[in-house]
1. Among (1) surrounded by fewer than 16 Cβ atoms within 10 Å (Cβ to Cβ); (2) within 17 Å of Lys75 (Cα to Cα), where does Lys9 come up short?
2. For Ile25, all conditions in the list (1) in contact with a strand residue (DSSP E or B) (Cβ under 6 Å, 6 or more places away or on another chain); (2) at pLDDT 90 or above hold save one; what is the number of the exception?
3. Return yes or no: is Arg189 over 22 Å from Met6 (Cβ atoms) and either modelled with pLDDT of 90 or more or in a helix (DSSP H, G or I) (or both)?
4. Residues of region 1-21 being under 30 Å from Lys137 (Cα atoms) and either part of a strand (DSSP E or B) or touching a Lys or Arg at 6+ places or on another chain (Cβ under 9 Å) (or both), which ones?
5. Restricting attention to region 150-160, which residues are buried (at least 17 other Cβ atoms within 10 Å of the Cβ) and either closer than 17 Å to Ser129 by Cβ or free of Cβ contacts under 8 Å to residues at least 12 places away in the same chain (or both)?
6. Within region 25-44, how many residues are surrounded by fewer than 18 Cβ atoms within 10 Å (Cβ to Cβ) and either not charged (D, E, K, R) or not assigned by TED's automatic domain parsing to the domain that holds Ser69 (or both)?
7. Would you point out the residue of region 45-57, among those that are of a type in the set (S, T, N, Q) and outside any strand (DSSP E or B), that is surrounded by the most Cβ atoms within 10 Å (Cβ to Cβ)?
Amino acid sequence: MKAKEMMDKDFVYVSADDTIEEVSIKMEASRKFTTPVIDSDKKLIGWITSFDITKGLRENKKFIHEVMSPKEDIKYMHENDPSRLAVLETSDSKLISIPVLDDNEVVIGVIRSFDIVNTLSSLYEVKVSKLYEAMEKQLKGVSWDELMEASAIISTRTTGQRIKPGEYERRIKDSTFGEAIWATGGLERFFVGLIAVGELVIARKVGKAR
């Protein structure tokens, strides 16, 4: 799944020259706690939160550009980035939401914690093997057996319990996404494990080619 498939297209955006009071009213009316700050071409130039608004009003600031976080200081994604990156970013950085940009750096959506939870809940009963099948398609040139070998190695490193590729394959065919999250100790650890598998299988592939 890509970021554009998870993002919320119904988002509020503001200008750096808008007044803090105007934006506070706009955010309250839309019930949004965060919003991107854009230029005349709708390109991302900053980010504003309800905390910034409150702080600005308390300090008698007038315009959004006085209190916003500039683009270089915020996390954002591009529409074709893997959606799992949003999960990792929100978890690692304790973010409420992340803006999504197209190839021209125009803001086209926002991924919120709610969107992530909503998407993951729909995947809860999906078999883990289906996730691996999707992974196999993304990692072109990598076979299913190579994925299972790498997964068994990562599992052994993580748990300290040796497991063969065949046994690992049997486990994921019987396990759901929800069960895997529980077994690995949380969503973040599950995705970190998947990323480690991808990195290892590619490294092994490159090593064999030399």
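The values are calculated or read from the model by the stated rules, or taken from the named source; none is laboratory data. Bear in mind that the values here come from a model prediction, so they are computed numbers and not experimental data. Glycine gets a Cβ as well: all are built from the backbone with ideal geometry, and neighbour counts include every protein chain shown.
1. Condition not satisfied by Lys9: (2).
2. Result: Ile25 passes all but (1).
3. Numbers: over 22 Å from Met6 (Cβ atoms): no; either modelled with pLDDT of 90 or more or in a helix (DSSP H, G or I) (or both): yes.
When the stated conditions are applied, Arg189 does not pass them.
4. The initial filter retains those residues of region 1-21 that are under 30 Å from Lys137 (Cα atoms), namely 1-9.
Result: Met1, Lys2, Met7, Asp8.
5. Taking region 150-160 and keeping what is buried (at least 17 other Cβ atoms within 10 Å of the Cβ), we get 150-155.
Within region 150-160, Ala150, Ser151, Ala152, Ile154, Ser155 qualify.
6. Of the residues in region 25-44, 5 are surrounded by fewer than 18 Cβ atoms within 10 Å (Cβ to Cβ) and either not charged (D, E, K, R) or not assigned by TED's automatic domain parsing to the domain that holds Ser69 (or both).
7. So the first thing to find is which residues in region 45-57 are of a type in the set (S, T, N, Q), and the list is 49-50, 54.
Restricting the remaining residues to those that are outside any strand (DSSP E or B) gives 50, 54.
On the way: Ser50: 16, Thr54: 13.
This residue is Ser50.
Residue-by-condition table, conditions (1) under 24 Å from Glu125 (Cα atoms); (2) surrounded by 15 or more Cβ atoms within 10 Å (Cβ to Cβ); (3) in contact with a helix residue (DSSP H, G or I) (Cβ under 7 Å, 6 or more places away or on another chain):
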site	(1), (2), (3)
Trp144	yes, no, yes
Arg162	no, no, yes
Pro165	yes, yes, yes
Gly178	yes, yes, no
Trp182	yes, no, no
Glu188	yes, yes, yes
Glu199	no, no, no
